[in-house]
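Have a look at the structure below, then the notes.
The values are calculated or read from the model by the stated rules, or taken from the named source; none is laboratory data. This one's a predicted model, so the numbers in the text were calculated from it and none came from an experiment. Don't worry about glycine lacking a Cβ; one is built from the backbone with ideal geometry, like all the others, and counts go over all protein chains shown. The protein model used for the area step is the full one, side chains on, heavy atoms only, and it has no ligands, DNA or RNA in it. Shrake-Rupley method; radii C 1.70, N 1.55, O 1.52, S 1.80 Å.
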Amino acid sequence: MKGVLLVNLGSPESPTPKDVKPYLDEFLMDKYVIDVPYLLRALLVRGIILRKRPEESAHAYAKIWWDEGSPLVVLSERMQKKVQPLVNVPVALAMRYGSMTIEKGLQELKDKGVTEVLLFPLYPQYAMASTLTILVKAEEIRKKKFPEMTFTDVPAFYNKPDYIKNLADSIKKHLLGFDYDHLLFSYHGIPERHIRKTDVTKSHCKIDGSCCNTPSPAHDFCYRHQCYETTRQVIKLLDIPAEKYSLTFQSRLAGDKWLEPYTDIEIDKMPAKGIKKLAVVTPAFVSDCLETLEEIAMRAKEDFEAKGGEEFLAIPCLNDDDEWCQTVSNWINDWAK
């Protein structure tokens with residue numbers, strides 16, 4: 001019997017330092033997130049970051065927390081509930097980090113008689129710190145606990161026409177009535193070395209402005225290329241001129257060279273350039289979360305207005321949009337035939 005496991009990032013149990021700390025520990029100690037040797041990672045995370053970050057992050061989570069719980073979890077659950085009636089196989093939901101574990105999700109499917117699993121990381125673009133860590137963790141669990149199961153992975157869907165249409169339609173809908181000066185595509189940042197590590201050719205990715213536009217097998221696993229390609233296709237569909245949009249990367253950590261340009265720095269510059277009405281979309285996520293609701297919709301908005309910006313629109317993620325849920329169900333049904 002076939003079944004599906006949708007997997008998103010995860011969330012602390014509550015917006016308190018007590019619950020945020022173990023969540024951050026699990027997340028930041030993942031070797032695919034901070035990809036340095038274990039002892040150095042432990043020193044950085046447990047010796048430095050976790051001394052202050054839990055309290056800071058808890059404060060940020062508290063600003064976006066809903067009565068029902070974590071927005072990312074709630075929105076993912078809503079999506080799952082909309083997709084389930086549209087398909088003929090069981091659909092379970094799990095998170096890479098936190099209490100909604102991949103093991104629990106697989107157990108739920110096993111209890112329903114599932115032996116063939118479609119692993120569905122809810123990330124449009126491929127990256128070590130998102131897609132790969134889900135696939136590796138799921139395989140580790142399968143070998144230990146569910147050896148009778150087989151997996152099929154959903155590849156990055158950054159350029160699938162139906163996803164692009166869903167994203168473009170959502171942007172168009174939310175821009176109605178907003179006479180924007182500029183549309184910013186803000187993607188989650190990653191260290192540049194992650195791009196080179198996932199280069200299957202070991203030579204193509206130079207991050208020099210041209211490699212992402214030169215066809216290569218590396219593009220199947222190149223986060224930077226996939227971000228630019230998602231943007232290119234959406235812009236083409238919406239017929240937005242080059243001078244009215246740009247692409248940036250957010251949420252960097254100090255100490256490493258991360259993908260540029262940086263969202264916060266670019267937004268700060270915009271009012272002085274005459275951009276007074278700014279719309280921001282965050283297509284690295286399919287569900288709104290801390291990085292979209294607090295970092296963009298709150299902090300970036302405040303920074304933009306402090307620099308002289310007048311109107312700021314944070315465009316929601318696809319979340320449980322009906323058309324997006326239909327697309328996901330179509331992909332599942334195609335696999336389940």
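Against the main long axis of the alpha-carbon atoms of the chain, helix 102-111 sits at an angle near 40°. Counting protein heavy atoms only, the chain has 53 percent of its accessible area on carbon and sulfur, 1.4 angstrom probe. The amide H of residue 317, built 1.01 Å from its N in the peptide plane, has 288 as neighbours under 5 Å, considering only residues 5 or more places off or on other chains.
Placing R0 at 35 angstrom, the Cβ-Cβ distance between residue 14 and residue 159 gives a FRET efficiency of 0.40 after rounding to 0.05.
With a Förster radius of 56 Å applied to the beta-carbon distance between residue 111 and residue 207, the computed FRET efficiency rounds to 0.75. Between amide H atoms placed 1.01 Å from N, distances below 5 Å from residue 182 occur with 277, 279, all of them 5 or more places distant or on a separate chain.
Cα centroids of the range 238-296 and the range 140-156: 35 Å apart. Working from Cα pairs under 8 Å separated by at least six residues, relative contact order for the chain is 22 percent. Return the subset of 173/244; 18/63; 104/137; 112/160 for which the Cα-Cα distance in this structure is over 19 Å, preserving the input order. Violating the 19 Å Cα-Cα cut-off are 112/160. Computed from the Cβ-Cβ distance with R0 of 45 Å, the FRET efficiency linking residue 176 to residue 256 stands at 0.70.
Using θ = phi - 60° in the Karplus curve 6.51 cos²θ - 1.76 cosθ + 1.60, the 3J(HN,Hα) couplings for the range 244-257 round to 9, 9, 7, 10, 9, 10, 10, 6, 6, 9, 6, x, 10, 7 Hz; x is entered for Gly and Pro. Converting phi to 3J(HN,Hα) with the Karplus coefficients 6.51, -1.76 and 1.60 and the offset θ = phi - 60°, the range 23-31 yields 5, 5, 4, 5, 5, 6, 7, 5, 5 Hz in sequence order, with x at every glycine or proline. A 1.4 Å probe run over the range 1-120, with the rest of the protein chains in place, finds 47 Å² accessible per residue. Annotation: aspartates and glutamates with alpha-carbon distance below 16 angstrom to residue 236 (same-chain offsets under eight excluded): 162, 169.
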